[in-house]
Amino acid sequence: MEASKRAAYIKKVHEKTKEAIKLKAGCKAASMNKHRKKVLFEPGDLVGIHLRKDRFPQQRKSKLLPRGDGLFRVLEKINDNAYKIDLSASYGVSNSFNVADLSPFISEDTSESRMTPFQGGRMI
């Protein structure tokens, strides 16, 4: 009789502990993901790549060399975190990239002026 009460008490403690851990994990995940934004690319989009030292040792021999490289076209979306890029064979690496190593290309459209009304000499 005493053993069954003790077992029931331990079972309650375990359930409360699991709930507390789940609640804390949810709060921690929410605070960690607050600053993150989801970046999705479509096939045909232009992106820049980050040249990591371990993946591109020849392009990152010196601290003074660029850390990123130019415009490449997205060929295929593997999933939300991985994309295949139109990368030339001269790089000698796989053309699959994590989204953390890709940056979107934002064109500088000249048709839309970025001047404020006061910069152009106009008054409102």
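The values are calculated or read from the model by the stated rules, or taken from the named source; none is laboratory data. Everything quoted here is computed from the prediction, not taken from an experiment. Ideal geometry is used to build each Cβ from the backbone, glycine not excepted, and the neighbour counts take in all protein chains shown.
Run down D80, D69 and say which single residue is at pLDDT 85 or above, touching a strand residue (DSSP E or B) at 6+ places or on another chain (Cβ under 6 Å) and under 18 Å from L46 (Cα atoms). Step by step, each of D80, D69 is checked, and only D69 is at pLDDT 85 or above, touching a strand residue (DSSP E or B) at 6+ places or on another chain (Cβ under 6 Å) and under 18 Å from L46 (Cα atoms).
If you scan segment 23-51, which residues turn out to be at pLDDT 90 or above and of a type in the set (K, R)? Those that are at pLDDT 90 or above and of a type in the set (K, R): K24, K28. Among the residues of segment 4-38, those that are among the charged types (D, E, K, R), within 30 Å of S103 (Cα to Cα) and either surrounded by 10 or more Cβ atoms within 10 Å (Cβ to Cβ) or touching a residue at least 40 places away in the same chain (Cβ under 8 Å) (or both) comprise K28, K38.
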